[in-house]
Structure formats: structure tokens, C-alpha cells
Amino acid sequence: MLIFTKASVEDIAAAGKAFKWERPCCPNGCRIVWGHGHVARYLATLIVLLRRFRCPTCGVVITMVPAGFCRRYQTAGAAMAQALAGRLRHQGWPPAVPRQRAGHWLRKFLAICRMDHSADDPLVVLARLLDDGIHFLG
């Protein structure tokens, strides 16, 4: 289970294990969570140590993640949306985005657009998903 924090990925990477994480509550309503170590993740071209917590009652493991990142993606949602919007408008990827990774985003996004029959323009769907605050690829 992921819980998103308000801290930026740069602050977390700079502080390492010394970063002061907020202790979350168990999503199942249990009272106490214990520290369960750190896990290294590759986010936004940085190797970041993310904090994990474990509930001794129900056994759920909670991983703290910086805000703005989608589940199973190394790039922030805003950066993915900006690259997709540029590709849909100009028929080209931004130079800093790897083509293979961006192609994966585009295929998943177009699958979402095909499921949404109410809009013909993918840019309209992208804008609506961003306005709703949905992690559209996660």
C-alpha cells in the first residue's frame, strides 16, 4: 500500500535515512504501525530511500512515496502529462524523455481514451483527468 507525502523527491534524496517521515495510520483502522525499514527506489533519475511501516495487527506494509508519483512509475505524473500533451499537439516527444518509456505511457493513455467514448479528442480526456487529480496511468 502506498501513502503519498507532501515532501519533494529532491528533499528526500538529499536527507537519505535522516529524513523525518510522518508516521501514518493503518488504513484498516488499527492503532499502531511500526517502522519496517527503508527501501531504495529509482524516482525521477534519483535513487531515493523510501520509508516503510508495518501494522503488527493486520500485517499491512505501508510505503511512503513523494506526492505526484503514480504507482509503478518512476516519473512524476505531471511530467508524464506534459510529455503526453506535447506529443499529442506537436507529434514529437520532448528531448529529455526516453522514447520507449514515453511510448508505454502513450499506449496506456490511448487505451484509457478508447474506453471513454464521450470525447473524440485525447487532449480533452487528458485535461479532464488532470483536473480530477487522477493518477491516470497508475
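What the table below lists for this structure:
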| item | result |
| --- | --- |
| Residue in region 33-50 that is within 22 Å of Phe109 (Cβ to Cβ), among the aliphatic types (A, V, I, L, M) and either touching a strand residue (DSSP E or B) at 6+ places or on another chain (Cβ under 7 Å) or not in a strand (DSSP E or B) (or both) present | yes |
| Which listed residue, of Lys20, Lys6, is modelled with pLDDT of 90 or more and basic (Lys, Arg) | Lys20 |
| Region 58-74, subset assigned to a loop (DSSP other than H, G, I, E, B) and aliphatic (A, V, I, L, M), residue surrounded by the most Cβ atoms within 10 Å (Cβ to Cβ) | Val60 |
| Candidates Val48, Val39, Val61 - the one that is in contact (Cβ under 8 Å) with a residue 60 or more places away in the chain and in the same structural domain as Ala15 (by TED's automatic domain parsing) | Val61 |
| Search result, residues across region 79-104 that are surrounded by 11 or more Cβ atoms within 10 Å (Cβ to Cβ), without any contact (Cβ under 8 Å) to a residue 40 or more places away in the chain and part of a helix (DSSP H, G or I) | Ala79, Gln82, Ala83, Gly86, Arg87, Leu88, Arg101, Ala102, Gly103, His104 |
| Total residues in region 1-21, condition assigned to a helix (DSSP H, G or I) and in contact (Cβ under 8 Å) with a residue 40 or more places away in the chain | 2 |
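So that you can scan it fast, the table gives a plain yes or no per residue for (1) β-branched (Val, Ile, Thr); (2) surrounded by 16 or more Cβ atoms within 10 Å (Cβ to Cβ):
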site	(1), (2)
Val9	yes, yes
Ala13	no, yes
Tyr42	no, no
Arg51	no, yes
Pro56	no, no
Ala76	no, yes
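The values are calculated or read from the model by the stated rules, or taken from the named source; none is laboratory data. It should be emphasised that the depicted structure is a prediction, and the values quoted were computed from it without experimental measurement. Using ideal geometry, Cβ is built from the backbone for each residue, glycine included, and neighbour counts are taken over all protein chains shown.
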